[in-house]
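Let me begin by presenting the structure, written as structure tokens, before commenting on it.
Each value in this text was obtained by applying a stated rule to the coordinates, not by laboratory testing. In this text the structure is predicted, and so the values were computed from the model without any measurement. Cβ: placed from backbone, ideal geometry, glycine included. Neighbour counts: every protein chain shown.
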Amino acid sequence: MAKENIKEQTRSRIRIPRPYEVLIYNDDFTPMDFVVDVLIQIFEKDEPTAVALMMSVHKGSHAVAGVYPKDIAQTKAAEAVQWARDEGYPLKVEAVRR
């Protein structure tokens with residue numbers, strides 16, 4: 001009797017993490033220059049892009065500072081909020097699922 005070779009197939013499904021948007025909100029107290037600095041330092045935007053995003057925040061209610069995996073988005077949002085608090089500003093930044 002011949003032995004059958006049984007091949008075990010395993011399928012590994014790699015799930016791409018759902019992206020999160022980091023939203024930065026408009027307020028009447030946080031200086032525009034500070035928002036630009038946050039966008040450059042934390043979100044790695046170049047100056048013209050940071051200024052354009054800041055103006056988008058200023059004219060509307062919020063803008064997307066970046067799109068990242070969940071952990072990175074939450075870390076960047078927390079970093080921005082902590083920096084703002086350290087400077088005495090009420091800047092609101094949050095990571096939301098896309």
Filtered residues of the stretch 46-91 (kept if buried (at least 19 other Cβ atoms within 10 Å of the Cβ) and over 12 Å from the mean Cα position of the chain (by Cα)): ALA50, LEU53, MET54, VAL57, ALA84, LEU91
Residues (in contact with a helix residue (DSSP H, G or I) (Cβ under 7 Å, 6 or more places away or on another chain) and of a type in the set (Asp, Glu)) located in the stretch 41-61: GLU47
Hits in the stretch 17-35 - residues which are assigned to a loop (DSSP other than H, G, I, E, B), among the charged types (D, E, K, R) and surrounded by 12 or more Cβ atoms within 10 Å (Cβ to Cβ): ASP27
Unmet criterion (only one of (1) in contact (Cβ under 8 Å) with a residue 24 or more places away in the chain; (2) within 30 Å of ARG15 (Cα to Cα)) for LYS45: (1)
Residues (outside any helix (DSSP H, G or I) and not small (Gly, Ala, Ser)) located in the stretch 63-79: VAL64, VAL67, TYR68, PRO69
Test for VAL96: is it part of a strand (DSSP E or B), surrounded by fewer than 17 Cβ atoms within 10 Å (Cβ to Cβ), of a type in the set (A, V, I, L, M) and touching a Pro at 6+ places or on another chain (Cβ under 9 Å): no
